[in-house]
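These notes concern the structure reproduced below.
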Amino acid sequence: MEVKETGYLKVLADLSFPENRIVINPNDGYDLGLMMTEAQALFFYGESPATLENPRMEAVTGTVEQKNECALGTVELSMKSVEKLGTPKRVRLHIVPGESPPKLLINAE
């Protein structure tokens, strides 16, 4: 399974965001192989990329938005998502491309 990933991204929690929305800078999106401004994905919260292979993991169907207004090296997540991760200061995003929709793992530092 090929997995693409970002470097560590600073977390910005937004109370107004729904759990099914993530915003990143287009340069960070490029690291994941995302070429469109919006991409549908299945969001997983877990420890490592091996989490994506666990058939029992629950996913949230959502949208990854790429916006220049989002600072490079930053990810904007819902407060609920941040709490699921244990309120980390930084996370990494891992994606399994080629699936429809692709699987996106959000894991804390």
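The values are calculated or read from the model by the stated rules, or taken from the named source; none is laboratory data. The model shown is predicted, which means the values in this text are computed figures rather than measured ones. No Cβ is skipped: glycine too gets one built from the backbone with ideal geometry, and neighbour counts run over all protein chains shown. For the accessible areas, the whole protein counts, side chains as well, though only heavy atoms, and no ligand, DNA or RNA atoms are used. Shrake-Rupley method; radii C 1.70, N 1.55, O 1.52, S 1.80 Å.
At a glance:
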read-out: Residue selected from segment 58-94 under the condition closer than 15 Å to residue 25 by Cβ and either at pLDDT below 95 or acidic (Asp, Glu) (or both), by the criterion surrounded by the most Cβ atoms within 10 Å (Cβ to Cβ); value: 76
read-out: Residue match in segment 55-62 (condition: under 18 Å from residue 7 (Cα atoms) and polar (S, T, N, Q)); value: no
read-out: Residues satisfying the stated conditions in segment 1-47, i.e. free of Cβ contacts under 8 Å to residues at least 60 places away in the same chain and open to solvent by 90 Å² or more (accessible area, probe 1.4 Å); value: 16, 27, 30, 35, 36, 37, 38
read-out: Matching residues in segment 34-61 - criterion: being touching a Leu at 6+ places or on another chain (Cβ under 8 Å) and not in a loop (DSSP other than H, G, I, E, B); value: 41, 42, 43, 44, 45, 49, 51, 52, 60, 61
